[in-house]
Amino acid sequence: MQQVLMNLMLNGIEAMKDVDVTRELAIKSQRAENEQLLVSVSDTGVGLPPQQTDQIFNAFFTTKRHGTGMGLRISRSIVESHSGRLWAADNSPGGASFYFTLPTKVEEHELP
């Protein structure tokens, strides 16, 4: 989960690099319904690419000049491997938010 948070924070910082507004990166966590934890990483950067929001989690898709297009794909895989979900949304008036949920309870498995 550390890798996921680092990737989302670094993406947010990079997205705010060339904007002429107050730069703000906010990380929040709260309880969600169905015994889940909801974490959000929001920025006031350039926002999500228009008409390509669905593609940002695809392997090798990038909007960065020197990006590999693997950070969000790997982050989603990590979250999903912990029975969670990762998605993104535009902020109004600018920027983007990335959200992920994780279960707060893990099913116990009996040892053989």
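Could you list, in sequence order, all residues of the stretch 50-61 that are open to solvent by 60 Å² or more (accessible area, probe 1.4 Å), closer than 20 Å to SER77 by Cα and part of a loop (DSSP other than H, G, I, E, B)? Can you show your working first?
As a first pass, look at the stretch 50-61 and keep what is open to solvent by 60 Å² or more (accessible area, probe 1.4 Å): 50-52, 54-55, 58, 60.
Within this subset, residues satisfying the condition of being closer than 20 Å to SER77 by Cα are 52, 54-55, 58, 60.
Across the stretch 50-61, the qualifying residues are GLN52, ASN58, PHE60.
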From the list THR44, THR22, THR68, which one is open to solvent by 70 Å² or more (accessible area, probe 1.4 Å), at negative phi, among the polar types (S, T, N, Q) and at pLDDT 85 or above?
THR22
Please list, ordered by first then second residue, the pairs with beta carbon atoms under 7 Å, 6 or more apart or interchain, first in the stretch 12-32 and under 18 Å from PRO93 (Cβ atoms), second modelled with pLDDT of 90 or more and exposed (fewer than 15 other Cβ atoms within 10 Å of the Cβ).
LEU25/ILE13
Quick one: what pairs do we get from the stretch 81-94, first residue over 12 Å from PHE57 (Cα atoms) and of a type in the set (Asp, Glu), second part of a helix (DSSP H, G or I) and open to solvent by less than 90 Å² (accessible area, probe 1.4 Å), C-beta under 8 Å, 6+ apart or different chains?
ASP90/THR53
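Go through the stretch 1-37 and give me each residue that's of a type in the set (Asp, Glu) and under 16 Å from LYS105 (Cα atoms). Spell out how you get there, then give the answer.
Just the residues of the stretch 1-37 that are of a type in the set (Asp, Glu), to begin with: 14, 18, 20, 24, 33, 35.
Within the stretch 1-37, GLU33, GLU35 qualify.
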When you look at GLN36, is it surrounded by 14 or more Cβ atoms within 10 Å (Cβ to Cβ) and under 20 Å from GLU80 (Cα atoms), yes or no?
yes
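Filter the stretch 26-49 down to residues that are part of a strand (DSSP E or B) and not hydrophobic (A, V, I, L, M, F, W, C) and give me whichever is farthest from GLN3 (Cα to Cα). Break it down into steps so the answer makes sense when it comes.
Residues of the stretch 26-49 part of a strand (DSSP E or B): 26-32, 36-43.
Narrowing further to those that are not hydrophobic (A, V, I, L, M, F, W, C): 28-31, 36, 40, 42-43.
On the way: LYS28: 17, SER29: 17, GLN30: 20, ARG31: 21, GLN36: 20, SER40: 15, SER42: 17, ASP43: 18 Å.
Here the residue is ARG31.
The values are calculated or read from the model by the stated rules, or taken from the named source; none is laboratory data. From a predicted model like this one, the values you see are computed outputs, not experimental measurements. Quick reminder, even Gly has a Cβ in these numbers, built from the backbone with ideal geometry, and neighbours come from all protein chains shown. In case anyone asks, the SASA skips ligands and DNA or RNA and just uses the protein heavy atoms, side chains included. Shrake-Rupley method; radii C 1.70, N 1.55, O 1.52, S 1.80 Å.
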